[in-house]
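See below for the structure under consideration.
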Amino acid sequence: MAAVHDKPYTIDGGNEKKLDGDLDDTMVGVTHDQLHRHLGNRQIQLIAVGGSIGTALFISIGGGLAKGGPGSLLIGYTVYAIMVAMVNNCIAEMTIYMPVSGSFIRLAGKWVDEALGFMAGWNFFLYEACLIPFEISAINLVLGFWSDNVPPAAICVACIVLYAIINILAVKYYGEAEFWLSTGKLILITMLFLFTLITMCGGNPQHDAYGFRYWSNPGSFAEHLHEGALGRFEGFLGAVFSAGFTVVGPEYLSMVAGESERPRTYLKNGFKTVYWRFAVFFIGGALCVGIVLPWNDPKLQNADTGTANGSPYVIAMQNMGVQVLPHVVNALLVTSIFSAGNAYTYCAMRSLYGLACDGQAPRIFQKCLKNGIPVYAFAVVMVFPFLSFLQLSNNTASVVTWLATLTQGAQMINYIVMSLTYIFFYNATRAQNIDRRTLPYYGYLQPYCAYIGLAWMVLIEGSFGYTVFTPGRWDVGTFFSYYTMAIVAFCTFWFWKLFRRTRFVRPAEADLVWEKPAIDQYEEAQTGPPTRFRDEIRTMFTGKRRNQEGEDLSRIL
């Protein structure tokens, strides 16, 4: 959906703001808002590939299978992945053009309405912060696969300490941690795909070449809540809503924009991997889950609780009599879930920092240490992991389910904001006579992708809690678990709009220059050519850097 252009791009005939920044800061990648550009190509590519893969792809996806069956699961995940890919097409063009800290949060406030940026920032902050205790609780449940005697409090404390250590150090250490943790995710998902392929062809203890047996018995489409065609349609909706919690990614990559080395090269490469990642990981994962397990397996009732026993792959291994592999999968699940929590901690800190940069949160959260870490934002974010101690007085699975439902609504709001912001950005480029084909990343099929993505996400946001409105199912607590974040978004938007008397930005008045001069100066100050992913991997193991002088940028991965 994107094209790459190497020719220079200008605004209003090159009429840009003067820059008074220090050249030394530009050379080392110190942004004007105190963050440091220390995330290299290798870290960014692995953050793009593995940063959004957590509990849902390996465990919660089983809930979608139980509700919709393998056919509905595959179709639902495919449709939803296409829709998020359209949103990615929007945020990629804007983020690569203007790679600022806070990313789409600040873009919304700058190009649409300050009130939208305020709403988007606090929505994303609460979304990310609430997901941290979700992942910690999920780790406790996964560890329960081996023993029920693991003290939950000790696991909570260990996770909190590790998240604090990783995120208080310089951002390059966060990037390094995510590189290795994401590598573990890639190993896990590759192993599960191979498990599916080998066992379906007869390579299992029972020597049963089951193939696509479960697509015909018990069937491709399950009934959910009702019988007949209505039940199968509701099963499809259940699969789609499962995809809504599983298929994510563009927002995490965009949040590293302010700390990325050579953002217009490395971020571009990262956003381009999102398309094949959706196809391979999410759509491929939905296909594999529907192959290895029937949708009516009674053990799938644990899929929505986050326990390892609810993982479709672990259930399938146990059904086939595979002895060792479930323990290996479970160990990698722990690292995968921990990585997701680490990413949420990082994003929550940067979203709060971005709000402070635009005066939408107390200025104290803008204070950074010498290593570029927003220290007071870090302190506030580290309060949220303590919510994981709720599981000590409540059922752990209930806490996990409640947090997952609460945050799912916030996820759709993020994509609504991205799509709406792009529509305003697109109109602004036309009003200011800017040729989008001269931008560092050009999204094809625009603005149609933005309009379709916006309509889809609004539809899902409004309907994913529809069951609470059906006869006999009304429950106040359930209603608020589905729609709390939508209510918070509505209130925060209108609070800031009325308090600050903001207005929507007219296309001709949108500031498309903004921080572009500083970013241009940073890019121009880089003396050597960008490094390729495979060359950084080679350097990591051999210590030798290949001479890339004169290589064409089009060869960069």
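The values are calculated or read from the model by the stated rules, or taken from the named source; none is laboratory data. Just so you know, these numbers come straight off a predicted model, no measurement behind them. Virtual Cβ from ideal backbone geometry, glycine too; neighbours counted across all protein chains shown. Ligands, DNA and RNA are excluded from the accessible area calculation, which covers all protein heavy atoms including side chains. Shrake-Rupley method; radii C 1.70, N 1.55, O 1.52, S 1.80 Å.
Let's see how each residue does on (1) charged (D, E, K, R); (2) farther than 25 Å from Thr407 by Cβ; (3) assigned to a helix (DSSP H, G or I); (4) open to solvent by less than 10 Å² (accessible area, probe 1.4 Å):
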{"position": "Gly284", "(1), (2), (3), (4)": "no, no, yes, no"}
{"position": "Ala316", "(1), (2), (3), (4)": "no, yes, yes, yes"}
{"position": "Leu332", "(1), (2), (3), (4)": "no, no, yes, no"}
{"position": "Ala340", "(1), (2), (3), (4)": "no, no, yes, yes"}
{"position": "Met349", "(1), (2), (3), (4)": "no, no, yes, yes"}
{"position": "Tyr353", "(1), (2), (3), (4)": "no, no, yes, yes"}
{"position": "Ala356", "(1), (2), (3), (4)": "no, no, yes, yes"}
{"position": "Gly359", "(1), (2), (3), (4)": "no, yes, no, no"}
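Of the set (1) more than 25 Å from Arg506 (Cβ to Cβ); (2) open to solvent by 10 Å² or more (accessible area, probe 1.4 Å), all apply to Ala138 but (2).
Against the condition modelled with pLDDT under 90 and either in contact with a helix residue (DSSP H, G or I) (Cβ under 6 Å, 6 or more places away or on another chain) or surrounded by fewer than 16 Cβ atoms within 10 Å (Cβ to Cβ) (or both), how does Thr478 come out, does it pass? Break it down stepwise before answering.
Working: modelled with pLDDT under 90: yes; either in contact with a helix residue (DSSP H, G or I) (Cβ under 6 Å, 6 or more places away or on another chain) or surrounded by fewer than 16 Cβ atoms within 10 Å (Cβ to Cβ) (or both): yes.
Criteria met by Thr478.
Determine whether segment 139-158 contains at least one residue that is touching a Cys at 6+ places or on another chain (Cβ under 6 Å), more than 24 Å from Ala56 (Cα to Cα) and without any contact (Cβ under 8 Å) to a residue 24 or more places away in the chain. Let's see the steps before the verdict.
Keep residues of segment 139-158 that are touching a Cys at 6+ places or on another chain (Cβ under 6 Å), which gives none.
Within segment 139-158 (the criterion being touching a Cys at 6+ places or on another chain (Cβ under 6 Å), more than 24 Å from Ala56 (Cα to Cα) and without any contact (Cβ under 8 Å) to a residue 24 or more places away in the chain), the answer is no, since none of the residues qualifies.
Can you find even one residue in segment 166-179 that is modelled with pLDDT under 90, part of a helix (DSSP H, G or I) and exposed (fewer than 14 other Cβ atoms within 10 Å of the Cβ)? No: zero hits.
Beta carbons closer than 8 Å, at least 6 apart along the sequence or on distinct chains, pair a first residue in segment 70-89 that is more than 25 Å from Trp215 (Cβ to Cβ) with a second that is in a helix (DSSP H, G or I) and among the β-branched types (Val, Ile, Thr) for Ala85/Val274; Met86/Ile452; Asn88/Val274. When the test is whether a residue is assigned to a helix (DSSP H, G or I) and touching a residue at least 12 places away in the same chain (Cβ under 8 Å), Gly235 passes it. Which residue is surrounded by the fewest Cβ atoms within 10 Å (Cβ to Cβ), if the candidates are limited to segment 195-230 and must be touching a Phe, Trp or Tyr at 6+ places or on another chain (Cβ under 8 Å) and among the aliphatic types (A, V, I, L, M)? Ranking the qualifying residues of segment 195-230, first place goes to Met200.
For Ala377, the criteria (1) small (Gly, Ala, Ser); (2) modelled with pLDDT of 90 or more; (3) over 19 Å from Leu162 (Cα atoms) hold in every case but one, which is (3). For segment 249-267, the set of residues classified as surrounded by 24 or more Cβ atoms within 10 Å (Cβ to Cβ) and either of a type in the set (Phe, Trp, Tyr) or assigned to a helix (DSSP H, G or I) (or both) consists of Pro250, Glu251, Leu253, Ser254, Ala257, Gly258, Glu259, Pro263, Tyr266, Leu267, listed by residue number.
Every residue in segment 433-445 that is assigned to a loop (DSSP other than H, G, I, E, B) and either of a type in the set (Phe, Trp, Tyr) or open to solvent by 20 Å² or more (accessible area, probe 1.4 Å) (or both), please. Can you show your working first?
From segment 433-445, those assigned to a loop (DSSP other than H, G, I, E, B) are 433-435, 439-440, 444-445; that's our starting set.
The answer is Asn433, Ile434, Asp435, Tyr444, Leu445.
Identify the residue in segment 53-79 that is part of a helix (DSSP H, G or I), more than 21 Å from Glu223 (Cβ to Cβ) and not β-branched (Val, Ile, Thr) and, among all such residues, is farthest from the chain's Cα centre (by Cα). The extreme case among them is Phe58. Selection within segment 425-484: residues that are under 17 Å from Ser242 (Cα atoms) and among the aliphatic types (A, V, I, L, M). The member of this set that is farthest from the chain's Cα centre (by Cα) is Val468.
The number of residues in segment 65-84 being closer than 13 Å to Leu293 by Cα and surrounded by fewer than 24 Cβ atoms within 10 Å (Cβ to Cβ) comes to 1.
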